[in-house]
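Asker: Quick one: the structure is below, questions incoming.
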Amino acid sequence: MANTKKYLSHLLQNTGITPACSEEERAAADVIAKIFSDHGFAPEVQEFSASGMHKVVQAGLGVAVFVGAVLLGLGGALGGPAGIVGLLIAVAAAVLFVLERSGRPVLSNLGSGGLSQNVIAYHKATGPLASPRNRPVVVVAHYDSPRADLLSSEPFAAYRPLIVKLLPACMVAPAIFAIVRVLPLPDPAKVVLWVLAIVAALIPLANG
């Protein structure tokens, strides 16, 4: 554990934050490969194409859901042009979010990809302590880190796990409330649905 903390401190001091597909991430990969080499491993830097558009799209959809939820009731309980626009935005954002989460991205594929890499180190089980029954051990760890944002700092960082957990439901809920508002419901019920849609959309907005 002490060595791990030492290496993490070394990475932070020499590379800082390391967003995926960035020069900082590549510098961190070179540092990690050198550390492996110094310890007798045979490191290999494996490059691959990646895209950071997924997080950008998710953030944009979160903001769109909130805007749609707010517009729902601006035309009054009975709706209006603003309400119709809000309905369309909320439903479209929810559908696109579900497609992104289910592995059928629409917007994420529009962005250009970048170059990222994995650092792979092999250590052969040889020497006087080696046993024929030795089994391969695979250790996996991320060394990329996102850029600083509101949810990365205290006291907000403690709420990030909860926001991530609630995000899928809160992305879809405003669209459901918007569709239900189209039904012939009493005006007070439509106002309540509007408020619920805005409250639910606060989670995607915070994530965005």
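Conditions (1) farther than 15 Å from GLN58 by Cβ; (2) at pLDDT below 85, marked per residue:
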site	(1), (2)
VAL139	yes, yes
LEU166	no, no
ALA173	yes, no
PHE177	yes, no
ALA201	no, no
ALA206	no, no
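Asker: Would you check if LEU107 is at pLDDT below 80 and within 20 Å of CYS21 (Cα to Cα)?
Answerer: Considered against the rule, which asks whether it is at pLDDT below 80 and within 20 Å of CYS21 (Cα to Cα), LEU107 comes out as yes.
Asker: Could you check ALA94 against (1) at pLDDT below 80; (2) more than 30 Å from GLU44 (Cβ to Cβ) and say which number it fails?
Answerer: With respect to (1) at pLDDT below 80; (2) more than 30 Å from GLU44 (Cβ to Cβ), ALA94 is out only on (1).
Asker: Just to verify a result, which residue in region 51-75, among those that are in a helix (DSSP H, G or I) and of a type in the set (Gly, Ala, Ser), is surrounded by the most Cβ atoms within 10 Å (Cβ to Cβ)?
Answerer: Per the stated criteria, the residue is ALA69.
Asker: Test PRO132 against the criterion of being in a loop (DSSP other than H, G, I, E, B) and either under 17 Å from the mean Cα position of the chain (by Cα) or modelled with pLDDT of 85 or more (or both), and give yes or no.
Answerer: So PRO132 fails the test.
Asker: Do you know which residues across region 24-50 are under 17 Å from GLY114 (Cα atoms) and either touching a residue at least 24 places away in the same chain (Cβ under 8 Å) or assigned to a strand (DSSP E or B) (or both)?
Answerer: Within region 24-50, GLU25, ARG26, ALA28, ALA29, VAL45, GLN46, GLU47, PHE48, SER49, ALA50 qualify.
Asker: Still on this structure: Taking only region 161-193 into account, find how many residues are open to solvent by less than 60 Å² (accessible area, probe 1.4 Å), farther than 12 Å from PHE97 by Cβ and assigned to a helix (DSSP H, G or I).
Answerer: Count: 7.
Asker: Exactly one of (1) at pLDDT 75 or above; (2) of a type in the set (A, V, I, L, M); (3) touching a Lys or Arg at 6+ places or on another chain (Cβ under 7 Å) is unmet by ALA77. Its number?
Answerer: Among (1) at pLDDT 75 or above; (2) of a type in the set (A, V, I, L, M); (3) touching a Lys or Arg at 6+ places or on another chain (Cβ under 7 Å), the lone unmet condition for ALA77 is (1).
The values are calculated or read from the model by the stated rules, or taken from the named source; none is laboratory data. No experiment lies behind these values; they were computed from the predicted model shown. Please note: Cβ atoms are built from the backbone with ideal geometry, for glycine as well, and neighbour counts cover all protein chains shown. SASA here: full protein model, heavy atoms, side chains in, ligands and nucleic acids out. Shrake-Rupley method; radii C 1.70, N 1.55, O 1.52, S 1.80 Å.
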